[in-house]
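Input: a single structure, listed below in structure tokens.
Rule-based calculations on the coordinates, nothing more; no lab input. These numbers come from a predicted model, not from an experiment. In this analysis, Cβ positions are derived from the backbone assuming ideal geometry, glycine residues included, and neighbour counts consider all displayed protein chains.
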Amino acid sequence: MLRTSIRCDHETWSRTATFLLLGFVFYLSPWTAFAALPLPADDRPVLRIQGSNTIGARLGPALVKGLMQEQGLNDIRTSVTQENEQAVTALNGVGRKVTVTIAAHGSGTGFTAIGQGSAELAASSRPIKDSESASLSSLGDMKSRDAEQVIAIDGLAIVLHPSNPLEVLSTLQLAQIFSGEVSDWSQLGGRPGAINLYARDDNSGTYDTFKELVLSANGKQLSAKAKRFESSEQLSDAVAGDSDGIGFIGLPYVRKAKAVAIAAGDSQPMAPSVTLIATEDYPLSRRLFLYGPPKHANPWAEALLQFAQSPRGQAIVAQNGFIAQTVEAVKIDATADMPAAYQALARSAQRLSVNFRFQEGSASLDNKAQQDLRRVLDYLRQHDKLQNKVVLVGFGDPKAVSARAELLSKLRAMAVRRELVREGVVLREVTGLGDELPVADNEGDSGRLKNRRVEVWVY
């Protein structure tokens with residue numbers, strides 16, 4: 001649960017916050033932002049956000065606007081101050097101007113800005129790197145639950161011209177294409193034509209994700225012939241206008257291009273659908289983050305982090321084309337490639353749109369999973385599923401002995417069970433299916449980490 005006390009990093013913030021703490025009542029719900037927030041003594045922005053273009057282009061400003069509306073501010077406006085930079089402004093009850101600035105030049109720039117003191121929050125479409133975390137260690141543990149907030153799920157869409165007949169590509173084929181090793185569509189069973197590559201720039205978290213999940217995972221590097229873009233929208237439109245083009249973008253930016261299904265390793269081809277991205281099963285799914293120092297946080301930053309996790313904040317996520325973390329029950333069709341026990345489960349129960357995953361090299365739930373525990377518990381309470389209605393199914397990566405893989409997968413499910421039991425949930429069944437039904441390539445560390453998951457099913 002996010003902290004609910006205001007902590008200030010400037011004397012002017014502290015004086016105002018003290019007055020507010022004495023004079024206002026704060027909402028106590030863990031998903032509700034503060035009822036009132038202080039303003040600085042001067043006209044400087046109350047909050048500065050830098051980083052990912054994927055977040056900063058639309059989602060970031062929309063969440064800021066939602067927070068301002070919750071604060072009761074008026075005349076809320078968003079204006080472009082320069083390329084990929086925006087200011088969201090509003091007026092309070094006495095006509096005082098409130099400003100939040102958002103610069104979207106790539107995920108890496110956000111962490112640099114926090115280190116330089118030119119931003120309070122970093123928007124990132126990838127996890128913080130070890131080197132970035134180390135450089136910001138004086139601010140606290142930037143990988144901690146207090147610093148790292150998953151605000152949405154996104155999927156990298158691989159886009160082609162709408163007339164391209166190809167429907168499925170594997171992550172290995174993508175690596176060969178974008179490294180230049182495969183350079184003609186005929187090599188993939190398509191019509192003849194030189195492949196034109198479109199890629200995001202080096203500052204982009206979208207590029208970092210593609211590099212990690214596709215290129216580096218297959219020992220490749222991006223071809224120097226790729227045309228680079230700072231804007232996802234411009235890249236998508238360029239591919240939609242090039243019959244031989246291929247590119248990668250965030251899911252909301254497919255626009256007029258055509259998205260293809262993706263397979264990784266032994267996984268089945270998966271289109272970038274809402275359900276498959278929400279569960280992070282889609283091979284090119286990714287998390288979108290806001291990072292802020294865990295200590296001495298700006299109160300507007302704390303409030304925005306908390307608002308983004310709230311039901312209203314997640315509704316804004318969905319409205320802007322990303323995948324909300326709201327828990328829903330989904331009917332899954334049983335197929336012949338599923339284990340018999342899993343087929344039986346699919347026929348009689350529904351799967352929740354969330355998977356629990358774990359910290360790397362650990363049996364502890366990761367930061368998103370800890371947030372998702374509350375969402376799952378809220379769902380179970382609201383739908384009367386607390387008593388003998390829940391099945392946990394653990395999965396993992398292959399081991400030399402299959403029985404060990406099955407045991408480890410069940411132990412992961414048991415870790416989730418412990419957390420649910422503490423909140424009064426009585427489980428119907430807990431099982432482990434080992435390395436069955438992989439959703440990622442087990443050849444890479446990131447793929448194995450993704451396959452180590454726990455699904456939640458309800459009757």
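Sorting ARG347, ARG58, ARG286 by the number of Cβ atoms found within 10 Å of their own Cβ, with the fewest placed first, yields ARG347, ARG58, ARG286. Backbone amide hydrogens, once placed in the peptide plane, bring SER231 within less than 5 Å of nothing, excluding anything fewer than 5 places away on its chain. On full extension, the segment bounded by ASP42 and LYS331 gains 98.6 nm, given 0.36 nm per residue less the C-alpha separation.
Between VAL94 and LEU386, full extension at 0.36 nm per residue minus the direct alpha carbon distance yields a gain of 100.3 nm. Each of (1) 101, 52, 38; (2) 64, 56, 36; (3) 69, 49, 35 is a candidate for Cα extents along the principal axes in Å; the one calculated from this structure is (2).
From the cross-link list LYS211/LYS295; LYS97/LYS129; LYS143/LYS450; LYS129/LYS450; LYS295/LYS389, which pairs have alpha carbons spaced over 29 Å apart? Too far apart for the 29 Å limit: LYS211/LYS295; LYS97/LYS129; LYS295/LYS389. Stretched out straight at 0.36 nm per residue, the stretch from ASP202 to SER144 would grow longer than its current Cα-Cα span by 18.3 nm.
For the chain, the relative contact order comes to 16 percent (Cα pairs under 8 Å, sequence separation of at least 6). Where both bridge residues fall in the range 155-275, DSSP classifies roughly 50% of the beta bridges as antiparallel.
In order along the range 362-372, the phi-based Karplus estimate (6.51 cos²θ - 1.76 cosθ + 1.60, θ = phi - 60°) of 3J(HN,Hα) comes to 9, 8, 8, 4, 6, 4, 5, 4, 5, 5, 5 Hz; Gly and Pro are listed as x. Each of ASP384, ASP242, ASP435 was scored by other Cβ atoms within 10 Å of its Cβ. Listed from fewest to most, they are ASP384, ASP242, ASP435.
The residues HIS383, HIS105, HIS161, when put in order of fewest to most other Cβ atoms within 10 Å, stand as HIS383, HIS161, HIS105. Averaging Cα coordinates gives a centre for the range 409-459 and one for the range 38-106; these two points are 39 Å apart.
At R0 = 22 Å, how high is the FRET efficiency between ARG228 and ARG255 if r is their beta carbon distance? Nearest 0.05 is fine. Provide the component values of the computation, followed by the final result.
Numbers: r = 19 Å, r/R0 = 0.85.
Rounded to the nearest 0.05, the efficiency is 0.75.
Taking a point 7 Å out from the Cα of ALA344 in the direction of its Cβ, the residues of the range 428-447 whose backbone N falls within less than 19 Å of it are 428-437. Below 8 Å between Cα atoms, with a sequence gap of 6+, how large is the relative contact order for the range 350-459 in percent? In percent, rounded to a whole number, it is 39. Only helical runs count toward this figure. For the chain, summing -39,500 (n - 2.57) over DSSP H runs of n ≥ 4 and dividing by all residues gives -9000 deg cm²/dmol at 222 nm.
Over the range 155-275, what is the mean sequence separation of C-alpha contacts under 8 Å (at least six apart), divided by residue count, expressed as relative contact order in percent?
Numbers: 230 pairs, mean separation 50.7, N = 121.
In percent, rounded to a whole number, it is 42.
Which loop chymotrypsin sites (Phe, Trp or Tyr not before Pro) in the range 331-383, with loop taken from DSSP, have no more than 14 other Cβ atoms within 10 angstrom of their Cβ? Nothing satisfies the criteria.
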